[in-house]
1. For GLY76, work out the one condition from (1) modelled with pLDDT of 95 or more; (2) crowded, with 21+ Cβ neighbours inside 10 Å it doesn't fulfil.
2. I'm trying to understand the selection: among the residues of the stretch 113-122, which are closer than 13 Å to LEU165 by Cα and crowded, with 24+ Cβ neighbours inside 10 Å?
3. When you check ILE154 against the structure, is it farther than 19 Å from LEU63 by Cβ, out of contact with any Phe, Trp or Tyr (no Cβ under 9 Å at 6 or more places or on another chain), of a type outside the set (Gly, Ala, Ser) and part of a helix (DSSP H, G or I), yes or no?
4. If a residue has to be free of Cβ contacts under 8 Å to residues at least 12 places away in the same chain and charged (D, E, K, R) to count, how many in the stretch 117-176 make the cut?
5. Collect the residues in the stretch 123-145 that are basic (Lys, Arg) and crowded, with 23+ Cβ neighbours inside 10 Å, keeping them in residue-number order.
6. I'd like the residue in the stretch 79-90 that is surrounded by 12 or more Cβ atoms within 10 Å (Cβ to Cβ) and not charged (D, E, K, R) and, out of all such residues, is farthest from the chain's Cα centre (by Cα).
7. Restricting to the stretch 37-49, count the residues that are at pLDDT 95 or above and not β-branched (Val, Ile, Thr).
8. Which residue pairs have Cβ atoms closer than 7 Å, lie 6 or more positions apart in sequence or on different chains, and pair a first residue in the stretch 33-44 that is within 13 Å of THR110 (Cβ to Cβ) with a second residue that is part of a helix (DSSP H, G or I) and β-branched (Val, Ile, Thr)?
Amino acid sequence: MAEFITQFDFSILYWIQENIRTPFLDGVGAFLSYAFEAGIFWIVLALVLLVFRKTRTAGAAVLAAMLVALFVGELGFKNIICRERPCTLDPSVPLAIPAPSSYSCPSGHTGSSFAAAGGIFAFNKKLGVPALVLALIVGLSRMYLFVHFPTDVIFGIAVGLLSALTVYFIFKKFNVDRRLQGIGKKS
């Protein structure tokens, strides 16, 4: 079964390489890879959201969901599954970025992006929709760059969204929204 999935994954990746790859998209993919490395973009966005009372809960949810995704995806599943990256298994495909050294599944860029976007969406739909679109673009770029299989990206989406959902329920149970809204309010 694992061999069938890997062959199916490779068929999608090779199709992308043969039909979509361009120097311009290589640059876009490389930019996204660096901008979203270690969740930097989302962390900066979360800090900005924390400043404003109206978006404070969304900012806190981004940081909390990304932390859950880090533990579950990067420190947990990635080291249990130990799946090699497509660029390791087929080094003949030229890369637009240096080959990552960690395991492939789940995609950390995708997991952190969907954790962040899901955290935003849970508490601010207006900002959450574009955040989810951006997270999807990040996930697709990981396949385009030939550093993740499609199933790695799907698993990253699941880890990220389940992390955001977990944070949402914890925030609701403990009235975190109301508590964060009260910070800085004059009595």
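The values are calculated or read from the model by the stated rules, or taken from the named source; none is laboratory data. Keep in mind that this is a model prediction, so the values were computed, not measured. No Cβ is skipped: glycine too gets one built from the backbone with ideal geometry, and neighbour counts run over all protein chains shown.
1. Going through (1) modelled with pLDDT of 95 or more; (2) crowded, with 21+ Cβ neighbours inside 10 Å one by one, GLY76 breaks only (2).
2. Within the stretch 113-122, PHE114, ALA115, ALA116, ALA117, GLY118, GLY119, ILE120 meet the criteria.
3. Numbers: farther than 19 Å from LEU63 by Cβ: yes; out of contact with any Phe, Trp or Tyr (no Cβ under 9 Å at 6 or more places or on another chain): yes; of a type outside the set (Gly, Ala, Ser): yes; part of a helix (DSSP H, G or I): yes.
Against the criterion (farther than 19 Å from LEU63 by Cβ, out of contact with any Phe, Trp or Tyr (no Cβ under 9 Å at 6 or more places or on another chain), of a type outside the set (Gly, Ala, Ser) and part of a helix (DSSP H, G or I)), ILE154 qualifies.
4. Count: 4.
5. Scanning the stretch 123-145 gives a single hit, ARG142.
6. Taking the candidates together, the pick is LEU89.
7. 6
8. PHE36/VAL138; TRP42/VAL62
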